[in-house]
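First up is the structure itself, then whatever we jot down about it.
The values are calculated or read from the model by the stated rules, or taken from the named source; none is laboratory data. The structure presented is a predicted model; accordingly, all values stated were derived computationally and were not measured. As a convention, Cβ positions derive from the backbone with ideal geometry for all residues, glycine included, and neighbour counts pool all protein chains shown. These accessible areas exclude ligands, DNA and RNA; they are computed on the full protein's heavy atoms, side chains included. Shrake-Rupley method; radii C 1.70, N 1.55, O 1.52, S 1.80 Å.
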Amino acid sequence: EPSLMCASGLHNDASESKPAGTRPQPLISGVESFQVLYGVDGIAPGNVAVLAPATADSVPERYLRADQLTIAGAANIEKTNANWSRVRSVHIGMVLRGAAGSAAEKTAQTYFPFGNAKASASGAAGSAYAVATDPGTTFSAPADGRLRQTLSFTVHLRNDQEHQ
């Protein structure tokens with residue numbers, strides 16, 4: 001059964017055959033997809049310019065994946081940190097499934113972890129966050145007779161993370 005897991009602190013239990021490390025604990029069972037986007041202020045994907053604090057208004061203009069905030073290379077640590085300091089909110093999307101046989105029909109479906117919306121240009125059903133380059137923005141479920149539900153929410157970060 002897929003689950004949302006949490007890795008707890010280090011352990012070194014001599015009675016177990018496992019080496020010291022983290023012990024994963026299930027938090028919520030039935031989580032088939034868990035996606036995170038970061039609401040950023042004043043930066044674009046792969047931003048390499050360190051912006052002055054005065055150029056931002058503390059309102060997220062777009063949502064990016066973690067890999068779009070990180071700039072590769074040891075020389076870019078300051079730029080990566082500057083990008084992460086521009087995160088103003090966190091958007092979470094999930095697809096949850098029920099027990100086998102809980103759905104009325106056995107049909108394959110596509111789910112959007114960040115919710116359904118009509119695409120502005122085409123008017124087709126989908127998600128405003130669904131993009132071909134990010135496979136996590138859609139989830140194709142098999143025809144297994146399980147009831148599925150999407151859940152999405154946004155957490156706005158109250159405190160500005162700018163470095164003074």
Quiz item: In the stretch 56-114, what residues are among the aromatic types (Phe, Trp, Tyr) and on the phi > 0 side of the Ramachandran plot?
Solution: none
Quiz item: Taking only pairs six or more apart or across chains, which ones have beta-carbon atoms under 6 Å, a first residue in the stretch 132-161 that is more than 12 Å from Thr107 (Cβ to Cβ), and a second residue that is of a type in the set (D, E, K, R) and open to solvent by less than 90 Å² (accessible area, probe 1.4 Å)?
Solution: Leu157/Arg88
Quiz prompt | Meets criteria (open to solvent by 70 Å² or more (accessible area, probe 1.4 Å), in a helix (DSSP H, G or I) and at pLDDT 85 or above) for Glu105 | solution = no
Practice problem: Could you tell me whether any residue of the stretch 84-92 is more than 14 Å from the chain's Cα centre (by Cα), part of a helix (DSSP H, G or I), modelled with pLDDT of 85 or more and not β-branched (Val, Ile, Thr)? | Solution: yes
Quiz item: Among the listed residues Asp57, Asp41, which satisfies the condition of being surrounded by fewer than 15 Cβ atoms within 10 Å (Cβ to Cβ), at pLDDT below 90 and acidic (Asp, Glu)?
Solution: Asp57
Practice problem: Scan the stretch 67-85 for residues that are closer than 13 Å to Gly46 by Cα and surrounded by 12 or more Cβ atoms within 10 Å (Cβ to Cβ) and jot them down. | Solution: Gln68, Leu69, Thr70, Ile71, Asn76, Lys79, Thr80, Asn81, Ala82, Asn83, Trp84
Practice problem: Would you please name the residue that is surrounded by the most Cβ atoms within 10 Å (Cβ to Cβ), looking only at residues in the stretch 116-156 that are part of a loop (DSSP other than H, G, I, E, B) and at pLDDT 80 or above? | Solution: Thr138
